[in-house]
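Please treat every number below as a calculation from the coordinates, not as lab data. Owing to the predicted nature of the structure, the values given are computational and were not obtained by experimental measurement. Using ideal geometry, Cβ is built from the backbone for each residue, glycine included, and neighbour counts are taken over all protein chains shown.
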């Protein structure tokens, strides 16, 4: 089966959506498991962080392999790994420690699909504006996570938390099948002979040093890290936050918390795509700095809105999501087109490694601050928790402006 190079993108978007269906399963069942397993807020945050820990452990190997073999092969294995992690959560997880293991395996599976999926596109698309394909691909992260919230919430209310993970396991399995069936292999394998991966291939410190020496590329990487701390902490705790808001306000929300979280995530899709278009017009660095400041403002306003009417809370949550996601595609596309060809795979690996390192820290920081300042039943604790995750974007803007990152020649 043959397709034009740009015809690969729709299949990768479908695969991306399916692969991400397991992303929000734990966020949806967080309060359920917290009560059933008697978890602290920190332990609850650490289970969410375990997902990103598994991602971080695996992504250097996954991206190193995409420089040697067709990324399609890596993607298929990643989808199968995520399937195993979700089935493990469904069938075998019964406490904090077992959940850590299977959530890490689920995260490792995502590492084998997300950036390798981006590499599948960049290896095959040789005509047109590549950054627009990248923008759609990264924006569909919001589609996948949005459906993850919706489907997980529906399954939880109908069948219980075990079935949330068991049924959703079909998602990454389907993603592997889509790539296997509809993405043709590269005409010539990148590496002739047996593939030998050494430690320095998995952790290419020399190449990473070259990437970091490029101040433009490193700025996109550090920005993505700050962005991820806020993004993934918010996504991990948003359902619990809506639950607290419903209790504090004394009035029911128009939709269930999981449905609201899913719908709000969909808002991030056009925000990410349009954000990339805005960045092309006004400059990537300037756009990123503006968006990060606005995201911090909306995040704090959202935390302060507890006890208010549901429509105000939802409006602020939508605004926060818009500005969290408005620089997502811009950061990734900026890195991809600014990195030199001979180290692009390593640059994408470092970008993903540090970005999801932020994802590892974000949920744990959020839960720890909740514990230190009271509990998840205290309004001021939610304010401090949100402040602890939005501050990183502000610090990034201050640091990069002092370095002159914004005034460097614009990357288009």
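A few points about this structure:
- A P(r) calculated from all alpha carbon pairs of the stretch 229-313, with 5 Å bins opening at zero, reads 3, 12, 20, 23, 18, 11, 8, 4, 1 percent.
- All-pairs alpha carbon distance profile, the stretch 75-138, 5 Å steps from 0, percent: 4, 18, 21, 14, 13, 10, 8, 6, 4, 1, 0
- Size descriptor, Kirkwood hydrodynamic radius, that averages inverse alpha-carbon separations across the chain, Å: 21.1
- At 1.002 mPa s and 20 °C, Stokes diffusion of the stretch 1-153 via Kirkwood alpha-carbon radius, µm² per second: 133
- Ranked packing of 81-87, 181-187, most packed first, by mean Cβ within 10 Å: 81-87, 181-187
- Relative contact order (%) - criterion: Cα under 8 Å, at least six apart; region: the chain: 26
- Rounded to 10°, Cα long-axis angle of helix 170-182 versus longest principal axis of the chain: 20
- Note on the chain: GNM, Cα springs under 10 Å; of 242, 323, 11, the largest mean-square fluctuation is that of 11.
- Neighbour counting of Cβ atoms within 10 Å sorts the residues 230, 36, 400, fewest neighbours leading, into 36, 400, 230.
- Cα pair distances of the stretch 119-181 binned at 10 Å [whole percent]: 18, 37, 28, 14, 4
- Principal semi-axes of the equivalent ellipsoid, √(5λ) from the alpha carbon gyration tensor of the stretch 29-77, are 34, 11, 5 Å from largest down.
- D by Stokes-Einstein for the stretch 268-311, Kirkwood Rh over Cα pairs, 10 °C, 1.306 mPa s: 133 µm²/s.
- The calculated 222 nm mean residue ellipticity attributable to helices in the chain amounts to -27000 deg cm²/dmol, summing -39500 (n - 2.57) over DSSP H runs of n ≥ 4 and dividing by all residues.
- Here is the tail figure for the stretch 340-399: Cα pairs spaced more than 13 Å apart come to 68 percent of all pairs.
- Computed with the Debye formula from one identical point scatterer per Cα of the stretch 276-412, without solvent, the log10 of I(q)/I(0) at q = 0.09, 0.10 Å⁻¹ comes to -0.33, -0.40.
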